[in-house]
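The structure appears right after this line, and notes come after that.
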């Protein structure tokens, strides 16, 4: 099995934190954590936070101690040290989480785009299995009018509020259904300079989750949908695909803190939906680009451990991250940038001039991925020709098609 070597600072920090928690019996509120993951219906809660980069969280290497609630949750979760969002903005990445597709397939490529009705969402799959479903969103680009309510029996969008305001509404809904099986999505952003307040609001929400006795029967997922602060700018005056804005925290706390550990391989936000469906014993009922992370958690995953993302900026941009490197391709000027993520986790220094062979390998993967997603658009007008035999063989050789 190919494994991505860990970032010495972040992976070591996470591993030590988890080990200490298990030794102290902290997982699940006492006693040793069970080894078996769920495989049948149970409550699922997702907290998706725009503007939460991995390097802003203490458990992922930040040193300013502004995220005690996130850090505590990491100690009893499966913590994915190298998770990547599929876009530098929250709405496209959230659409990828809900559908298991990349932005160019589901159609939400920037804030304000509409998620088409043809998309089968995580909420629809769980509602079809008898789950009660609800979403509480604080983002202006995550609304029912833009298609994000698909599958949610209850959907509330309140622009201009933080995680504290929307979280209290979600907690009240959760309180009335604590004994049932439900899917609850909470979406909010981190206003500029408000990371500590957002973390405190998360702590309050987790406390409400625990007070309802959901520790031992529910799965709680907390993740960043993009790393840049709302209104922030990349080096070209807009959102960037570099790791500073696409490398995000992903914590999956299974019931009773089962399998709390650090996973170092690269994963994607669009893998979350298939993972939750498998853990709930639900057959997806359709195809998706994402794949369940449960085999990886059991150390039985299959390479490639790779991540992709995209943005329509500057004529179109895509990235691929693999084995400690990230390549960002920009159509405008046909430009390739390469970054050494372990040495340069924010991807600030382009080393493409000295990494030409590495760039060629990464670009080969990116081109194969482009052929894969171009054939699968949910918009018939944008669908490319079906994959030919040569392309399918290429995708199989790289591990994208079984």
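The values are calculated or read from the model by the stated rules, or taken from the named source; none is laboratory data. No experiment lies behind these values; they were computed from the predicted model shown. Heads up, the Cβs are rebuilt from the backbone with ideal geometry, glycines too, and the neighbour counts pull from every protein chain shown.
Just a few scattered comments:
- Scanning region 258-280 for residues that are out of contact with any strand residue (DSSP E or B) (no Cβ under 8 Å at 6 or more places or on another chain) and at pLDDT below 95 turns up just one, 258.
- Scanning region 210-219 turns up one or more residues that are more than 25 Å from residue 155 (Cα to Cα) and touching a residue at least 60 places away in the same chain (Cβ under 8 Å).
- Of all residues in region 327-342, one or more are within 30 Å of residue 258 (Cβ to Cβ), out of contact with any strand residue (DSSP E or B) (no Cβ under 8 Å at 6 or more places or on another chain) and surrounded by 15 or more Cβ atoms within 10 Å (Cβ to Cβ).
- Condition check for residue 252: modelled with pLDDT of 95 or more, surrounded by fewer than 24 Cβ atoms within 10 Å (Cβ to Cβ), part of a strand (DSSP E or B) and assigned by TED's automatic domain parsing to the domain that holds residue 49: no
- Single residue of 159, 197, 258, 171 found to be in the same structural domain as residue 114 (by TED's automatic domain parsing) and closer than 30 Å to residue 313 by Cα: 159
- Flag if residue 223 is within 17 Å of residue 69 (Cβ to Cβ) and touching a strand residue (DSSP E or B) at 6+ places or on another chain (Cβ under 6 Å): yes
- Residue check, residue 281 surrounded by fewer than 21 Cβ atoms within 10 Å (Cβ to Cβ), in contact (Cβ under 8 Å) with a residue 40 or more places away in the chain and outside the structural domain of residue 198 (by TED's automatic domain parsing): no
- Residue list for region 360-372, filter: in contact (Cβ under 8 Å) with a residue 60 or more places away in the chain and within 18 Å of residue 326 (Cβ to Cβ): 365, 369
- Once region 300-328 is narrowed to residues that are touching a residue at least 60 places away in the same chain (Cβ under 8 Å) and in a loop (DSSP other than H, G, I, E, B), the residue that is farthest from residue 80 (Cα to Cα) is 312.
- Taking the criterion of being buried (at least 19 other Cβ atoms within 10 Å of the Cβ) and more than 19 Å from the chain's Cα centre (by Cα), the residues of region 168-193 that qualify are 170, 171, 174, 182.
- Within region 177-229, the set of residues being assigned to a loop (DSSP other than H, G, I, E, B) and closer than 28 Å to residue 55 by Cβ comprises 190, 191, 192, 193, 194, 225, 226, 227, 228, 229.
- Residue in region 354-402 that is nearest to residue 307 (Cα to Cα), counting only those that are modelled with pLDDT of 65 or more, part of a loop (DSSP other than H, G, I, E, B) and touching a strand residue (DSSP E or B) at 6+ places or on another chain (Cβ under 9 Å): 355
- Selected residue (criterion: modelled with the highest pLDDT) from residues of region 344-353 that are surrounded by fewer than 15 Cβ atoms within 10 Å (Cβ to Cβ) and under 27 Å from the mean Cα position of the chain (by Cα): 349
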